[in-house]
Amino acid sequence: MRTSYHVAIMGSFAIMMLTSMGAANAELSYDGQLEFANSIEEINGHILAAKKNIELGNSEQAALHLSHPIDVLYEDISTQLNTNSKINEKLEFSLNILKNTKTDVTTNFFDKQATGIFNVLDETKLALIPTNTLHDSVFKLNTISNLLEMSKVTYDLGLQSNDELMKQVHFDDSCAFVWRAQEIFDSIDDMELDHKYKLELKLTKTLQSISNNLPLV
């Protein structure tokens, strides 16, 4: 256990040392910015799913969520970041640390480890998406919509899977994408109450449907 903690602490320290690297926005269409944000939010979702499985002691499931960002998602993100090598290198370094994070640590320790990763993901978004766009409520709502669609697609994959482990991993992801959508929703402070209520209800019902193995609409 001491060795695991030492490796994780050194990883976190290294990420902190790299956080001073600057970011510069590259030109990207609005739809391109949404797509890029969607890729980053998918990674956020996997981290949330890993945290939940660490809490429950599901080591194998947690490990799959931790490896997915670098094994599956990084290559596409890296292609878009090809004009910003410093951010690209930092992201790759961080996701490799994520993949090698031990899953037998406490939730509090994992939270500390994940905080550095979340900071890098936020900085990665700023490399291609202007700050005012990221803070724009419409952009946030579009991101939430994308996360809910991602949740539905992933949930359907789980229903279709004959592998019990992968089925559960897909269900975890489906929930985690809604959790991430909820976090973004909570950061919006200029919605009309009626619209806010409807969206909050949708988020709640989606999680209930996943928990009860009901179709998502």
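A few points about this structure:
- Filtering Val169, Val138 for residues that are loosely packed, with under 14 Cβ neighbours inside 10 Å and part of a helix (DSSP H, G or I) leaves a single hit, Val138.
- Some residue of region 80-94 being aromatic (Phe, Trp, Tyr) and open to solvent by less than 20 Å² (accessible area, probe 1.4 Å): no
- Every condition in (1) open to solvent by 20 Å² or more (accessible area, probe 1.4 Å); (2) touching a helix residue (DSSP H, G or I) at 6+ places or on another chain (Cβ under 7 Å); (3) part of a helix (DSSP H, G or I); (4) not hydrophobic (A, V, I, L, M, F, W, C) is met by Thr154 except one, and the failing one is (1).
Results for (1) touching a residue at least 12 places away in the same chain (Cβ under 8 Å); (2) in contact with an Asp or Glu (Cβ under 9 Å, 6 or more places away or on another chain), shown as yes or no for each residue.
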| residue | (1), (2) |
| --- | --- |
| Thr103 | yes, yes |
| Lys112 | yes, no |
| Thr124 | yes, no |
| Phe139 | yes, no |
| Leu148 | yes, no |
| Asp156 | yes, no |
| Gln160 | no, no |
| Lys167 | no, no |
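- Among the residues making up region 172-197, those that are among the charged types (D, E, K, R), surrounded by 12 or more Cβ atoms within 10 Å (Cβ to Cβ) and under 19 Å from Asn142 (Cβ atoms) are Arg180, Glu183, Lys196.
- Selection count where residues are of a type in the set (A, V, I, L, M) and more than 22 Å from the chain's Cα centre (by Cα), scope region 202-217: 2
- Any hit, region 156-173, residues being within 12 Å of the chain's Cα centre (by Cα), farther than 15 Å from Leu214 by Cβ and among the charged types (D, E, K, R): yes
- Taking the conditions (1) among the basic types (Lys, Arg); (2) part of a helix (DSSP H, G or I); (3) within 16 Å of Asn53 (Cβ to Cβ) in turn, Lys102 satisfies each one other than (2).
- If you go through region 95-116 and keep only what is touching a helix residue (DSSP H, G or I) at 6+ places or on another chain (Cβ under 6 Å), polar (S, T, N, Q) and open to solvent by 20 Å² or more (accessible area, probe 1.4 Å), you end up with Asn96, Thr103, Thr107.
- Note on region 27-45: residues that are of a type in the set (Phe, Trp, Tyr) and out of contact with any Leu (no Cβ under 6 Å at 6 or more places or on another chain) amount to 1.
- Looking across region 174-201, the residues that are over 21 Å from the mean Cα position of the chain (by Cα) and over 15 Å from Leu148 (Cα atoms) come down to Asp189, Asp190, Met191, Glu192, Leu193, Asp194, His195, Lys196, Tyr197.
- When Leu126, Leu214 are screened for being hydrophobic (A, V, I, L, M, F, W, C), open to solvent by 60 Å² or more (accessible area, probe 1.4 Å) and touching a Leu at 6+ places or on another chain (Cβ under 9 Å), only Leu126 passes.
The values are calculated or read from the model by the stated rules, or taken from the named source; none is laboratory data. Nothing here was measured: the structure is a model prediction, and the numbers come from that model. For neighbour counting, all protein chains shown are included, and Cβ atoms are generated from backbone atoms with ideal geometry for every residue, glycine included. Surface areas here come from the heavy atoms of the whole protein model, side chains and all, with no ligands, DNA or RNA. Shrake-Rupley method; radii C 1.70, N 1.55, O 1.52, S 1.80 Å.
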